[in-house]
Every structure is written in structure tokens, then in C-alpha cells.
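Following: one structure in C-alpha cells, then a few remarks.
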Amino acid sequence: MHSVTWSRLFCTGLINRGQRKISLFSGTAPSNWSKVVSDAEKIVGYPTSFMSLRCLLSDELSNVAMHVRKLVGTKHPLLKTARGFVYDSRNNLQMRGLVVLLLSKAAGPSHAASDLLAQDMVSGIYPSQRNLAEITELIHTAFLVHRGIVNLKDWTNSDGPLKDMQFGNKMAVLSGDFLLANACTGLAQLNNTEVVELISSAIGDVVQGIYHEHSSNAEDNSLADGPNMATWEEQTFLSHGALLAKSCQAAMKLAKHDKESQRLAYKYGKHLSLGHKLNSDLQPFVKTGVGEPASFSLNAAPVVFHRHAVGQDKWCQQLQQAKTFRNQLDYSKLWAAVKSEKGVSSAVDLCCYHGNKALEAIQAFPSSEARSALENIASAVTKF
């Protein structure tokens, strides 16, 4: 009964409000991206959207879902995050797990893995690698939930009653911790010390990356003094790329592939993540036939490139000109300013660079349908 309730709560049309945009693995053009993902899922044996369903249907999270109903009617982002776990029209969910499975299949069995039985493989993937893919998704999901914690200093009456927003924050902390605890338990059950250390370091990277994000957003002068491009790439890798890159490397470790295969898998995951984040940042600036966006991140890659191109003085001037009489930003003016310079084209070039680096890394693996799927995913990242 509780398990069914959890699914129904996520799927219900009532849960359709959320103020904060939380990226799952989004930003790629839906039509082409959906086909690439659908074709890739057939290769690994089953839709990866079911990987963490076992955890989502547990009694503990079912009880959480009962309490989350209290947030219906508010703008707490936990609602939007929860709904996205089951319903996602763009097929962006579980992408990290899918990439881990595809890389596992593309690499195949290792000659050094004499103690791993080939008959245990399903669709060319070892059970431990499938478990790793699920663990990767649980870790990512846990941080998605934690990212949905609202800064109550920014709370307004339109968001919902203050007590409900406080309650939503508590639920986000507890449910995120629960998912992370389950992931760590599964990680220990892999019985591979090197993999445990590798994924643990990835968790630390994500925490550090999110800390930098919040620190930057919390500073009043962050609008004028944002990160340069080198800092942007470093922080983006920590918060969005380290988990996938190190999970890809860990998948090679579990099959006892050599150091070179591990390096190439890591390289693929790293560049794919950075390319995908760039694609996501570019969407408000490259979409055609759509009105000017109401808002976008001032730490998005095109804005960072733009700020560097025009110089700090002119950027501060543009920010001042974009402020309304209520001292808020008119994003349409900033959008037009960024579009008029080289920020967008520079971000597109960098996105293509990372996409090509991911393609380059995967070429060393044997030709197969799994490698072709990985190539298609890397190519789709550079399409707008």
C-alpha cells in the first residue's frame, strides 16, 4: 500500500509547481536526445529508469511520500524533484547509470578477470557493474534532493506558509540522507576497496562543488565578480562531472581492465559531463522561436565568457543598466547583451570541444553497438 502511494504521489498532476530549476541531466534537444537514449537503453538490457525503482518503492520512502503531500500548493522544489523521479518527458533521468552500463558493455570482459564468471554477465555486463550503475544514480538522486533545500532568507508569502517550507527542508535533508545511506551500503557490498575509495572521493567532490556554488550565489558581489572560465570548469567538474567520470573508471576496475581502459573511461565521463552542462547553459541563448527568457544563471558559461570578453567595467555597467526601479534584474536586457557579444559562440565552441574529446576517448574500445550508442550520446551533447 505504501509503495503504491509513493508512485502515485510522484505521478499525480497536482505536483507540478517548483520555483527552482534543478538539473537532472537536462538541456539537450528532446527529439534527438530521446531517440538516442531509447536506442541505448535497448542495448543494456532494460530501461535504466527502473534502476532505482526498488529503493523508491521502499517502505521508508513511501512514508516520506505521505508527509510530502503536505507541501502540495507550495513552491518548495522538493515537489518538482520528486515528480521528476518517475515522470520525465525528455528521458534525462538515469543518464549516469546508462553511461556506466554502456561503457561496461563496450569494454567487455577482461582477460585479467579470470575469477569473474562470464556466464554471470547479463547483456554483456557483470552484476557488480549493474549494481554500480544503480549506486551512481542513488548518489546523484540524493544530491538532487539535497539541492532542493530552500534558503528561508529568500522566502516570500507566495512560496507558501513558512512552516511548510521549513517542513519541506527537513524532508529534503532526511530523504536525501536516506538515499545516500542506501548508496553507501550498496557500495560496501561490492567488496572492492579501490572502487569504494574512488566513489567516496566522488561524493566528496560533489559536496565541494555544491559548496562553491552556494558560496558564490550567497555573495552580494557575485553578480559582478563571478568565476573565470577556468574556475567555472573546475567547479562544474566537481559538482556535475566527477561522479560520472569516477563511476566510469570504477566500472572498468570492477571488470579488472587495465589502467589505460580506466583512464579512457574516466576521460569519456569527464568530457561528456562538461559538454552536457555547457549544452544546458546554452539553451536559453540558442533556442529559436522562443521568447526571451525570464531569467538564467549569471554563472552560466555564456555569461562567464561574455563577462571576460567585455571586461569587468563594462559588465558592471551592463548590470547596472539592467536593474529595475525595484533594484531587481531585467534579464531580457542582459540576455540581449550576452547574445550581442562572443559569449555564446565561445561556449558553443567549448561544448563541441568536450564532445569531441569524449568521442576521442571512446574510439579505443572495440567497435560495437554499445560504443556506437556512447558515440551518439556524445554527439547529441553538441546539438542545439
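Among residues that are in a loop (DSSP other than H, G, I, E, B) and modelled with pLDDT of 70 or more, residue 135 is not included.
Of all residues in region 299-335, those being open to solvent by 50 Å² or more (accessible area, probe 1.4 Å) and of a type in the set (Gly, Ala, Ser) number 1.
Screening the candidates 301, 309, 322, 336 for the property of being of a type in the set (Gly, Ala, Ser) and closer than 19 Å to residue 234 by Cβ yields one hit, 301. Taken over region 233-260, the residue count meeting the criterion of being open to solvent by 40 Å² or more (accessible area, probe 1.4 Å) and out of contact with any Asp or Glu (no Cβ under 9 Å at 6 or more places or on another chain) is 5. Test each condition in (1) at pLDDT 90 or above; (2) closer than 20 Å to residue 232 by Cα; (3) not hydrophobic (A, V, I, L, M, F, W, C) for residue 262 and report the one that comes out false. Answer for residue 262: the failing condition is (2). All told, residue 367 meets the bar of being under 25 Å from residue 265 (Cβ atoms), open to solvent by 70 Å² or more (accessible area, probe 1.4 Å), at pLDDT 90 or above and among the hydroxyl-bearing types (Ser, Thr, Tyr). Restricting region 165-193 to residues that are crowded, with 17+ Cβ neighbours inside 10 Å and part of a loop (DSSP other than H, G, I, E, B), the residue that is nearest to the chain's Cα centre (by Cα) is 190.
Only residues that are farther than 17 Å from residue 109 by Cβ and over 17 Å from the mean Cα position of the chain (by Cα) were counted across region 231-256, and they come to 2.
Look at region 341-356 and say how many of its residues are out of contact with any His (no Cβ under 9 Å at 6 or more places or on another chain) and open to solvent by 50 Å² or more (accessible area, probe 1.4 Å). Residues flagged as out of contact with any His (no Cβ under 9 Å at 6 or more places or on another chain) and open to solvent by 50 Å² or more (accessible area, probe 1.4 Å) within region 341-356 amount to 2. Once region 138-173 is narrowed to residues that are in contact with a Ser or Thr (Cβ under 7 Å, 6 or more places away or on another chain) and within 21 Å of residue 187 (Cβ to Cβ), the residue that is modelled with the lowest pLDDT is 145. Within region 174-188, at least one residue is modelled with pLDDT under 85 and under 25 Å from residue 255 (Cα atoms). Just name the residue that is surrounded by the most Cβ atoms within 10 Å (Cβ to Cβ) out of those in region 268-298 that are modelled with pLDDT of 90 or more and among the basic types (Lys, Arg). Among those residues, the one meeting the criterion is 277.
The values are calculated or read from the model by the stated rules, or taken from the named source; none is laboratory data. Quantities reported herein were computed from a predicted structural model and do not represent experimental measurements. No Cβ is skipped: glycine too gets one built from the backbone with ideal geometry, and neighbour counts run over all protein chains shown. Side chains are part of the model used for accessible areas, which takes the heavy atoms of the whole protein and leaves out ligands, DNA and RNA. Shrake-Rupley method; radii C 1.70, N 1.55, O 1.52, S 1.80 Å.
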